[in-house]
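So the structure is just underneath, and the comments pick up after that.
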Amino acid sequence: MNSTAVTRTHVITGSFGSGKTTAIRRLMSHKPEDELWIVILNEFTDAGLDALSVAESARGQYDVRLVAGGCLCCVGELEFANL
């Protein structure tokens, strides 16, 4: 028997102030509680305010990870190896 796991991925991009965090917060607040979502945020500040904001709006199982100060391939390789 051949089984294939499907992982849906959505990439949300845009310029500063375009509403990316607002869109992600809205999606997280309407997320089915029985689904596990992992949100990876690329944050260019050390504050992590977007990650806190997204985590506050989540329903059910979730994991919000922050890539602070750079891109996933350069900064987050070790942190995200176990996802």
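The values are calculated or read from the model by the stated rules, or taken from the named source; none is laboratory data. All values derive from a computational prediction rather than experimental measurement. All Cβ positions, glycine included, derive from the backbone under ideal geometry; neighbour counts span all protein chains shown.
Worth pointing out:
- Flag not set for Ile12, criterion: modelled with pLDDT of 75 or more, of a type in the set (A, V, I, L, M, F, W, C), in a strand (DSSP E or B) and surrounded by fewer than 16 Cβ atoms within 10 Å (Cβ to Cβ).
- Within the stretch 40-61, residues that are part of a loop (DSSP other than H, G, I, E, B) sit with their Cβ atoms under 9 Å from residues that are at pLDDT 70 or above and among the aromatic types (Phe, Trp, Tyr), at 6+ positions apart or across chains, in these pairs: Ala58/Trp37; Gly60/Trp37; Gln61/Trp37.
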